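**Student:** Below is the structure I would like to discuss, written out as structure tokens.
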Amino acid sequence: MKLIFVLIFSVSIIHSQNTFTIEGTVTSNGQSLPYVNIYIANTTFGSATKEDGRYLINNLSPGNYTIYASFTGYKTVKKNIEITNKNLVVNFNLEETESLNEVVVTGTMKPVSRLETPIPVEVYSGTFFKKNPTPNIFEALQNVNGVRPQINCNVCNTGDIHINGLEGPYTLVLIDGMPIVSGLSTVYGLSGIPNSLIEQVEIVKGPASSLYGSEAVGGLINIITKLPENAPLFFADSFTSSWGEFNLDVGLKAKIGNNGSLLLGTNYFNYNNPIDNNHDNFTDVTLQERISVFQKWEFKHKKGNKLSLAGRFFYEDRWGGELQWNKTFRGGDSVYGESIYTTRYEVIGNYELPIKEKVRFQFSYSDHDQNSVYGSTLYMAKQRIGFGQFIWDKTLNRHDLLFGMGARYNFYDDNTTATPNADVITIPSVFVQDEIKLSEKQKLLLGIRYDYDNRHGSIVTPRIAYSYKLTDDDILRMNAGTGFRVVNLFTEEHAALTGARDVIITETLSPETSYNINFNYLKKMYLENGMMFTFDASAWYTYFNNAIIPDYDTNPNQIIYNNLDGFSTTKGFSFNFDSTFNSNFKALLGVTFQEVSKTENNIKTRPILTEKFSGTWALSYKNHKTNILVDYSGNIYGPMRLPLLGALDPRQAYSPTWSIQNIQFSYNGLHNFEFYAGIKNLLNWTPNKGNPFIIARAHDPFDKNVEFDSSGQVIPNNENPYALTFDPSYVFAPNQGRRLFFGLRYKID
């Protein structure tokens, strides 16, 4: 026994003589930094600095290592070291990063600190969207507070983006500041934007019509793609799920001569596995195959001006319907299916003129071709949108001026009776914005836009914003403005094409007008122990005249469109809490309370598919020693009124409170590689829970066995006791249940 003890003691002494330590201090601007994570790549060795900024790592064997110092709000520093036969002292000096004060461009059309702009802008980085990997930006927005991707059809899974309770057409979606996603592409275009090419997403909730035109009534989403200089030399990101989904993003950048650069990205998505877990003989999720190719060029002139040019090609083939459907049934009335072929081209450009003044020319063009059938209904549509504008940025004393002049060309044609001739229109516009620095703490922004639409005449949309900076990290803002929107039913209202409801337009539709006011308070807080918090609270009120809200109630077998003989409003409050407790744990929490209503003949009602409250969260924990990151994200929505087909319809009139939750585990301990896996929809929530069925009369999608009376009302009988017609529009949540996913990222910097 004594011999064994002596041997163990001797081995420990020999081992201690062959292991060494690394120690040092971490500072920034001459001050010690506590709680900084110090870790050695590809090992389990690590430490954290104490109150005096010192750290110590023991038991290191001789060899070559890479040691990192990482702390929230500071640039990560790495050093290559070699341990030979003695202990090492390695000190770090960290520099602050701009992430403490993000730069945004969407609110005022120019780069400005988020704390300096009078327009409240929410910023979400590409890292945020990696917490719950999705194949497109439409699904990725599900974890943004106050923003809800709404699926509008159980069969083809079309959708739009709701902001603060307003329907998708009230939201303008931009790519690199250009109004690319509108009209036809509001339904399918969002599916083709790969997340791997996103630098950040900026969201403005409230009116932005004075800068961006009439579609920015409820708010706008600006998807900013990566600059070539910020992208890795090569990157690839691929994941698959237990449902059979497959997504692949591949990209690279290259130098073009001495002054040019290129960014190329390709996205491919495939889902070809019909699943019917709710047993209605219809696909729970639309089958899809799509490819998107994106290229972005940047050229710098000797005088310093830049030319940025981007192009994208997008093709998608999607279908949903009865499980036995194939393309031989396309457009027929024997087996029901909804099949959509989409071909789309886009060009986006920004050119800084080589003159003394800061003048730039922005332009975009998109060509969208849709070949689709909804059962036996054929919908063929083409849309071309051209846009160009000159912007002059001028500073005079306390005035930061922005002048703009441009035009938008729109061509739209389809095979419906609503479009006997192609709709062609060019809308010229001018705008001016003046951001006035009243004092060191106060700013006033005044803006006005003038558009001329020969169908509706002159359109004037003013805007006012005021900000008061209470401290360097506190800002109070007020925004008010007006909006103007022309409705395009067949490009915006998918229910007009699918199902058995008749579309009734009772009058010539006049444009909608709106008036909006928004209050916002933003505060950032930094504690000495490294904790960082952001509080962002907003309250809003929007009033609509001539609102066009589809009426599902007057006649269950019709969708009636007319201008509301009254008014509608949306009002509410939202709160975001973004916190970094240390470099290991971060949390983002959000909650929104809202009331959306319409008043007609002194009767106040709540529109369908508008929730009274919602919440989102994203919790992250990083264990630096093991290089494992855990992300837990999700959302919760309150009850929504749903579109029933009459008093006998047995489906629930209101949705329950429901939640989609996800968890992901990531490992980046290998050079240039990152592995991730997790579970989506942990609770396995689907909208069929508690309902006898989701799609009405899924067994008779062409209503061949439905009896109608002389007024067009359904006659209940033994075969159809609930007096229903085929209806796939009863949808409020995704039909896709719990599933595993696995992915791999690779990059070369």
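**Student:** Could you check, for the stretch 329-341, whether at least one of its residues is in contact with a strand residue (DSSP E or B) (Cβ under 7 Å, 6 or more places away or on another chain), closer than 26 Å to P274 by Cβ, in contact (Cβ under 8 Å) with a residue 24 or more places away in the chain and among the charged types (D, E, K, R)? Before you say what the answer is, go through the steps one by one.
**Tutor:** Residues of the stretch 329-341 that are in contact with a strand residue (DSSP E or B) (Cβ under 7 Å, 6 or more places away or on another chain), as a first pass: 329-331, 335-341.
Narrowing further to those that are closer than 26 Å to P274 by Cβ: 329-331, 335-341.
Subsequent filtering for residues that are in contact (Cβ under 8 Å) with a residue 24 or more places away in the chain retains 330-331, 336-341.
Now restrict to residues that are among the charged types (D, E, K, R): 330, 338.
Looking through the stretch 329-341, at least one residue is in contact with a strand residue (DSSP E or B) (Cβ under 7 Å, 6 or more places away or on another chain), closer than 26 Å to P274 by Cβ, in contact (Cβ under 8 Å) with a residue 24 or more places away in the chain and among the charged types (D, E, K, R).
**Student:** Being surrounded by 14 or more Cβ atoms within 10 Å (Cβ to Cβ) and at pLDDT below 85 is the filter here, so list the residues in the stretch 50-67 that pass it.
**Tutor:** Quick first cut of the stretch 50-67, residues surrounded by 14 or more Cβ atoms within 10 Å (Cβ to Cβ) only: 50, 53-55, 57, 60, 65-67.
Listed by number, the list holds a single entry, K50.
**Student:** Something else about it: Restricting attention to the stretch 568-612, and to residues there that are under 20 Å from the mean Cα position of the chain (by Cα) and β-branched (V, I, T), which single residue is surrounded by the most Cβ atoms within 10 Å (Cβ to Cβ)?
**Tutor:** Result: T592.
**Student:** Only one of these is more than 30 Å from I348 (Cβ to Cβ) and not assigned by TED's automatic domain parsing to the domain that holds E116: D423, D473. Name it. Write out each step before concluding.
**Tutor:** Details: D423 fails: more than 30 Å from I348 (Cβ to Cβ).
After applying the criteria, what remains is D473.
**Student:** Working carefully through the options E352, E357, E289, E298, find the one that is surrounded by fewer than 16 Cβ atoms within 10 Å (Cβ to Cβ), acidic (D, E) and over 23 Å from I137 (Cα atoms).
**Tutor:** After ruling out the rest, the residue left standing is E357.
**Student:** Here is a follow-up. Could you tell me whether any residue of the stretch 374-384 is over 30 Å from D284 (Cα atoms) and of a type in the set (A, V, I, L, M)?
**Tutor:** no
**Student:** Now for a different question. Quick check on my filter: what residues within the stretch 460-481 are among the β-branched types (V, I, T) and either buried (at least 21 other Cβ atoms within 10 Å of the Cβ) or modelled with pLDDT under 75 (or both)? I'd like the intermediate steps shown before the answer.
**Tutor:** Filtering the stretch 460-481 down to residues among the β-branched types (V, I, T) leaves 460-461, 464, 471, 475.
Listed by number, the residues that qualify are T461, I475.
**Student:** From the residues in the stretch 705-749 that are in contact (Cβ under 8 Å) with a residue 40 or more places away in the chain and of a type in the set (D, E, K, R), which one is farthest from R148 (Cα to Cα)?
**Tutor:** Of everything passing the filter in the stretch 705-749, D749 is farthest from R148 (Cα to Cα).
**Student:** Can you give me the number of residues within the stretch 311-333 that are outside any strand (DSSP E or B) and surrounded by 16 or more Cβ atoms within 10 Å (Cβ to Cβ)? Please lay out each step first, then the result.
**Tutor:** Taking the stretch 311-333 as the starting set, the residues that turn out to be outside any strand (DSSP E or B) are 323-333.
Narrowing further to those that are surrounded by 16 or more Cβ atoms within 10 Å (Cβ to Cβ): 325, 329-330.
The qualifying residues number 3.
**Student:** How do the pairs read when you match residues in the stretch 88-102 that are under 16 Å from G30 (Cα atoms) and outside the structural domain of E122 (by TED's automatic domain parsing) with residues anywhere that are surrounded by 17 or more Cβ atoms within 10 Å (Cβ to Cβ) and at pLDDT below 55, using Cβ under 9 Å and keeping only pairs 6 or more apart or on different chains?
**Tutor:** Sorted first by the residue in the stretch 88-102, then by its partner, the list stays empty.
**Student:** Kindly indicate whether any position in the stretch 413-421 is assigned to a strand (DSSP E or B) and free of Cβ contacts under 8 Å to residues at least 40 places away in the same chain. So that I can check it myself, show each step before the final result.
**Tutor:** Step one: list which residues in the stretch 413-421 are assigned to a strand (DSSP E or B), which gives 413-414.
Then keep just the ones that are free of Cβ contacts under 8 Å to residues at least 40 places away in the same chain; that gives 413.
Scanning the stretch 413-421 turns up at least one residue that is assigned to a strand (DSSP E or B) and free of Cβ contacts under 8 Å to residues at least 40 places away in the same chain.
**Student:** Select from the stretch 361-378 the residues that are surrounded by fewer than 18 Cβ atoms within 10 Å (Cβ to Cβ) and part of a strand (DSSP E or B) and list them in ascending order.
**Tutor:** First, the residues of the stretch 361-378 that are surrounded by fewer than 18 Cβ atoms within 10 Å (Cβ to Cβ): 361, 363, 367, 369, 371, 376-378.
Of everything in the stretch 361-378, those that are surrounded by fewer than 18 Cβ atoms within 10 Å (Cβ to Cβ) and part of a strand (DSSP E or B) turn out to be F361, F363, D367, D369, N371, T377, L378.
**Student:** For the list (1) under 21 Å from E245 (Cα atoms); (2) touching a residue at least 24 places away in the same chain (Cβ under 8 Å), I need the number of the one condition that W325 fails.
**Tutor:** Tallying (1) under 21 Å from E245 (Cα atoms); (2) touching a residue at least 24 places away in the same chain (Cβ under 8 Å), W325 fails exactly one: (2).
**Student:** Any residue in the stretch 704-717 that is buried (at least 16 other Cβ atoms within 10 Å of the Cβ), polar (S, T, N, Q) and either in contact with a strand residue (DSSP E or B) (Cβ under 8 Å, 6 or more places away or on another chain) or in the same structural domain as E322 (by TED's automatic domain parsing) (or both)?
**Tutor:** The initial filter retains those residues of the stretch 704-717 that are buried (at least 16 other Cβ atoms within 10 Å of the Cβ), namely 706, 714.
Filter once more, keeping what is polar (S, T, N, Q): none.
Checked against the condition, which is being buried (at least 16 other Cβ atoms within 10 Å of the Cβ), polar (S, T, N, Q) and either in contact with a strand residue (DSSP E or B) (Cβ under 8 Å, 6 or more places away or on another chain) or in the same structural domain as E322 (by TED's automatic domain parsing) (or both), the stretch 704-717 yields no hits at all.
The values are calculated or read from the model by the stated rules, or taken from the named source; none is laboratory data. Predicted, not measured: the structure shown is a model, and the values here were computed from it. All Cβ positions, glycine included, derive from the backbone under ideal geometry; neighbour counts span all protein chains shown.
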